[in-house]
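The values are calculated or read from the model by the stated rules, or taken from the named source; none is laboratory data. Values in this document were obtained by computation on a predicted structure and should not be read as measured data. FYI the Cβ positions are ideal-geometry reconstructions off the backbone, even for glycines, and counts take in every protein chain you see.
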Amino acid sequence: MNAPRLEIDLDKISHNASTLVARLEGHRIGVTAITKACCGAPIVAQTLLRAGVTSLGDSRIENIERMRQSGIGAPMTLIRSPMLSQVDRVVASADISLNTEMEIVSALSRAAGRAGKVHGVVLMVELGDLREGILLRDVEDAVETVGQFPYIDFLGLGTNLACRSGVSPDNRNMAELSALADRIERGTGAPLAVVSGGNSSNLEWVFNGGEIARVNNLRLGESILLGREPLHRQPIDGLHTDAIKLIAEVIESKAKPSEPWGTMAHAAFGDSPVAGGRGEISQSILALGRQDTDPRGLQSPTGSDILGASSDHLVLDTGGNMLAVGSEVSFVPDYSALLRAMTSSYVIKTFVGTAATSRPNPEFSMSSLSSDAA
Ligand SMILES: *Cc1c(COP(=O)(O)O)cnc(C)c1O
């Protein structure tokens, strides 16, 4: 088998998605599944839609275009504010975008007019995490401005927490969002279709009895793909945490001292000095490195320990168990390791599960990515 490769189990992803959809339905919250961590792979998108998510979202227009080109007609939201230079592509492929800048919404309106379309806009509100968002005091003015653009359909409000500063969604900031939604409706006299409360980090708040109030949508990526909530990286009850595996091949296995020798200077990536003093260990090198993934985000098999990584070598203490050259080791990636592995053209993407075998051409590679972009 080819290595390194990602093995993406579509049945497990489907289970995770349908479980979250069902649990959130009980709170009248719809799920927009976020495909950015799998680079908008169409087979994953189709799996998510079959599992019951109502719409798809991605941060990059290239990924949305790829899903459209493969024939996916579901509603799609560009979840990163559009680039001014891409507004025509945005209105062509995305139904909705999340926005914070009136200059961009204005350009989206003109682009939509040229394309003979109406583009949906959700305004993002800053609630303390200090990434994207309009400050509370400016939101009502922004709503009024957006209402004047002829080819824009103002759909509602959204917010995003826990991505830059780790500010957690709680009853206080979520109540601010709901109160703002109420206030805007009183002002405009029209109901807001969308109040998008956030991402996977909102699940803890929802499932621990948070006051949902006006929130009727969440944008979920990590929790569906990895089965964990991002705040404390704890597994979510009943979800698979091993739907995606990263597999690498052993290219050297030797008993080696744990302690390096010679005059010590900087390592290639400025890592801290090797912790020696454990005598001789069984050490394997895998053909996997920082050009393929984020080695710090890999969970190694029980009994083994990642000792270090450079561009293309990963050094593993295999706990006395000498691995054969040519054998494979399987890791569970965290979000960061997954993102980089999906994006690396050196990592092969394979899809397993009934959802993969029942469909032609399940292979997705970055070569198709670059030809799409061309
Ligand atoms: C990435 C992202 C999400 C999804 O976040 P997860 O933690 O993966 O669920 C939602 N909204 C926005 C704006 C994002 O950038």
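Key figures
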read-out	value
Region 202-220 - residue that is under 16 Å from the mean Cα position of the chain (by Cα) and buried (at least 24 other Cβ atoms within 10 Å of the Cβ) and, of those, nearest to the ligand (Cβ to nearest atom)	L220
Boolean, P75 is buried (at least 18 other Cβ atoms within 10 Å of the Cβ) and in contact with a strand residue (DSSP E or B) (Cβ under 9 Å, 6 or more places away or on another chain)	no
Test for A22: is it surrounded by 19 or more Cβ atoms within 10 Å (Cβ to Cβ), in contact (Cβ under 8 Å) with a residue 24 or more places away in the chain and not β-branched (V, I, T)	no
Close pairs from region 214-233: first more than 19 Å from A51 (Cβ to Cβ), partner near the ligand (Cβ under 8 Å from one of its atoms) and aliphatic (A, V, I, L, M), Cβ under 9 Å, at least 6 apart	P230/A162; L231/A162
Number of positions in region 270-302 that are in contact with a strand residue (DSSP E or B) (Cβ under 9 Å, 6 or more places away or on another chain) and at positive phi	1
Which listed residue is modelled with pLDDT of 95 or more and more than 21 Å from E101 (Cα to Cα), from N160, N202	N202
From V87, V21, residue being within 16 Å of the ligand (Cβ to nearest atom) and either more than 29 Å from Q148 (Cβ to Cβ) or assigned to a helix (DSSP H, G or I) (or both)	V21
L180 in contact (Cβ under 8 Å) with a residue 24 or more places away in the chain, near the ligand (Cβ under 10 Å from one of its atoms) and either exposed (fewer than 14 other Cβ atoms within 10 Å of the Cβ) or on the phi < 0 side of the Ramachandran plot (or both)	no
Per-region count, region 44-73, residues closer than 16 Å to D95 by Cα, more than 15 Å from the ligand (Cβ to nearest atom) and of a type in the set (K, R)	2
L56 being touching a residue at least 60 places away in the same chain (Cβ under 8 Å) and buried (at least 23 other Cβ atoms within 10 Å of the Cβ)	no
M342, sole failed condition from (1) hydrophobic (A, V, I, L, M, F, W, C); (2) assigned to a strand (DSSP E or B); (3) crowded, with 17+ Cβ neighbours inside 10 Å	(2)
Candidate set from region 222-248 (those that are assigned to a loop (DSSP other than H, G, I, E, B) and in contact with a Pro (Cβ under 9 Å, 6 or more places away or on another chain)); member that is farthest from the ligand (Cβ to nearest atom)	T241
Which numbered condition V194 misses (of (1) of a type in the set (A, V, I, L, M, F, W, C); (2) in contact with a helix residue (DSSP H, G or I) (Cβ under 6 Å, 6 or more places away or on another chain); (3) within 21 Å of L56 (Cβ to Cβ))	(2)
Some residue of region 287-297 being among the hydroxyl-bearing types (S, T, Y) and part of a strand (DSSP E or B)	no
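Quick grid of which residues meet (1) charged (D, E, K, R); (2) surrounded by fewer than 12 Cβ atoms within 10 Å (Cβ to Cβ); (3) at pLDDT 95 or above; (4) in contact with a helix residue (DSSP H, G or I) (Cβ under 9 Å, 6 or more places away or on another chain):
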{"residue": "D305", "(1), (2), (3), (4)": "yes, no, yes, no"}
{"residue": "V329", "(1), (2), (3), (4)": "no, no, yes, no"}
{"residue": "D334", "(1), (2), (3), (4)": "yes, no, yes, yes"}
{"residue": "A355", "(1), (2), (3), (4)": "no, no, no, yes"}
{"residue": "S367", "(1), (2), (3), (4)": "no, yes, no, no"}
